[in-house]
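Below is one structure; the comments refer to it alone.
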Amino acid sequence: MKGAHEVLLVVDVQNDFMPGGALAVPHGDEIVPLVNRLARGFSHVMLTQDWHPASHVSFAANHAGRAPFETIALPYGDQVLWPVHCVQATPGAQFHSELDVAHARGVIRKGHHANVDSYSAFLEADRKTPTGLAGYLRETGVTRVWCCGLATDYCVAWSALDARAAGFEVAVIEDASRAIDLNGSLAAAWQQLQAAGVSRVQSAEVLR
Ligand code: VGL
Ligand code: ZN
């Protein structure tokens with residue numbers, strides 16, 4: 001059992017990221033039983049939930065003449081435009097019904113500012129606005145963050161990189177995550193993760 005110094009961060013296991021959802025991650029549903037099993041091995045589990053207002057800047061539908069998966073320049077940098085997804089309090093924003101983590105201590109909702117996206121559970125896409133998660137983890141004695149969920153190359157990778165930058169030891173659990181893989185984004189993410197000193201592990205190694 002992983003103790004007080006370790007947290008399992010379960011990223012965005014939400015209906016809209018499942019096959020058939022608004023922003024489906026291929027095979028995203030396959031991780032749910034594995035995440036449940038992993039979570040039983042951690043006393044400290046935290047969840048993230050993508051949680052956008054309908055007017056969110058990341059939605060292609062809110063930019064005339066733009067289509068999903070195009071990239072535009074915003075004041076804080078380049079932004080991929082997504083289909084409308086994870087709108088606050090809609091069924092698509094709910095966790096997968098088979099996610100079974102009753103002992104999770106909290107949920108970090110992210111992407112709630114209309115004008116800023118947030119792939120990361122730690123820092124919004126302006127790279128300035130903290131969510132408070134780093135402080136919470138530090139105050140509760142966490143030194144190591146194990147990341148899994150959806151999508152490997154966006155919210156999982158950005159969360160892992162920011163956790164590392166915040167001074168935590170960090171691992172991404174590859175088989176408990178699935179990717180969107182847009183224009184080589186998955187390979188690029190693994191490269192960045194490795195360069196940052198984030199470990200790439202399989203769930204069997206975590207549970208052992
Ligand atoms: C995500 C794109 C947009 C994710 C969230 O959870 O990886 N990706 N919003
Ligand atoms: Zn989103």
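For region 77-198, the square roots a ≥ b ≥ c of the C-alpha gyration tensor eigenvalues yield an a/c under 1.5, which makes the shape rounded. Extension gain, Glu139 to Ala73: 0.36 nm times the residue separation minus the Cα-Cα distance gives 20.1 nm.
Across region 165-208, Cα pairs under 8 Å and at least six residues apart give a relative contact order of 56 percent.
Highest mean packing first, where packing is the average number of other Cβ atoms within 10 Å per residue, the peptides 115-122, 169-176 line up as 115-122, 169-176. With the cut-off at 1.5 for a/c, could you classify the chain from its C-alpha gyration tensor as rounded, prolate or oblate? Prolate shape, in that a/c is at least 1.5 and a/b is the bigger ratio.
Beta-bridge orientation, the chain: approximately 20 percent antiparallel, per DSSP, counting only bridges with both partners inside.
Each reported figure results from applying straightforward, stated rules to the coordinates on display, with no laboratory input. These figures come from a predicted structure and were not determined experimentally. Heads up, the Cβs are rebuilt from the backbone with ideal geometry, glycines too, and the neighbour counts pull from every protein chain shown.
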